[in-house]
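For reference, the structure discussed in these notes is given below.
The values are calculated or read from the model by the stated rules, or taken from the named source; none is laboratory data. Here the structure is a predicted model, which is why all the values come from computation and not from measurement. All Cβ positions, even for glycine, are placed from backbone atoms using ideal geometry, and neighbour counts span all protein chains on display.
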Amino acid sequence: MKKLFFLVFIFSMLYSRKLQFKEEFYKLYYLPSYYNKNDLKRNIVYLQIALKAAFDDPIRALIVPKTKQEYLKYKFLLKMHLNYLITKNYVMLGVRFDKFELRFYNKPYREDIIKSLDYARYYLETALIYWKQVLKYYNEVLNSSYKRRLDLSYMEDVVYRIKTKQLDYKEIINKELDRIKKKKEYYKNM
């Protein structure tokens, strides 16, 4: 049994290859129902690598484009979606460091709470940077010469939600940053 396992291991090492394309790193994105900080950080790393990676051959894209215009729209849409997921994960990470309820009996933990709020602020401000990229690629998607929807409804839905003002992370993040600033002042003056 050990010899069989060893042979399978050696065979898999010889015939495996490194991930190198956006689509491959995007497929590593996974958020379980009960996620923690490590899940969010792992996803952010995979998605950031995906942003820097090259696109795979059009035949191995998430959809098989029929024209160059459709492929160009696909590229903008995927870049927008990667930035959107990074934004979303940074916001979720920032919220995990937020202290939602102000309590007078938290005075002994004041310094730790302030530090935690600083982490929350950092992650939210980072999310705002990626949201600007989302809007940049959103405009590219809208301005592309291919006007039909692609067969990536979950990505096209994000475009629709931004267009109809149902989704605006800038507003969400700024509200959170204002709340964090007020909480930080409360704990500093405690």
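Miscellaneous remarks
- Scanning the range 160-170 turns up one or more residues that are of a type in the set (S, T, Y), within 30 Å of Y71 (Cβ to Cβ), surrounded by fewer than 16 Cβ atoms within 10 Å (Cβ to Cβ) and within 25 Å of the chain's Cα centre (by Cα).
- Close pairs (9 angstrom Cβ cut-off, 6 or more residues apart or separate chains): without any contact (Cβ under 8 Å) to a residue 40 or more places away in the chain in the range 130-143, of a type in the set (K, R) and surrounded by fewer than 20 Cβ atoms within 10 Å (Cβ to Cβ) anywhere: K132/K170; L135/K170; L142/K163
- In the range 155-189, the residues that are among the aromatic types (F, W, Y) and in contact (Cβ under 8 Å) with a residue 60 or more places away in the chain: Y169, Y186, Y187
- The one condition from (1) without any contact (Cβ under 8 Å) to a residue 60 or more places away in the chain; (2) surrounded by fewer than 18 Cβ atoms within 10 Å (Cβ to Cβ); (3) closer than 26 Å to Y160 by Cβ that I63 does not meet is (1).
- Of the residues making up the range 148-159, those that are surrounded by fewer than 14 Cβ atoms within 10 Å (Cβ to Cβ) and under 17 Å from N83 (Cβ atoms) are Y154, D157.
- Summed over the range 18-60, the residues that are closer than 18 Å to Y84 by Cβ and either among the charged types (D, E, K, R) or in contact (Cβ under 8 Å) with a residue 60 or more places away in the chain (or both) give a count of 7.
- Selection of the range 97-127 for residues being surrounded by 15 or more Cβ atoms within 10 Å (Cβ to Cβ), touching a residue at least 40 places away in the same chain (Cβ under 8 Å) and under 17 Å from Y169 (Cβ atoms) yields D98, A120, R121, L124, A127.
- Qualifying residue in the range 28-51 (condition: assigned to a helix (DSSP H, G or I), of a type in the set (D, E), under 14 Å from the mean Cα position of the chain (by Cα) and modelled with pLDDT under 95): yes
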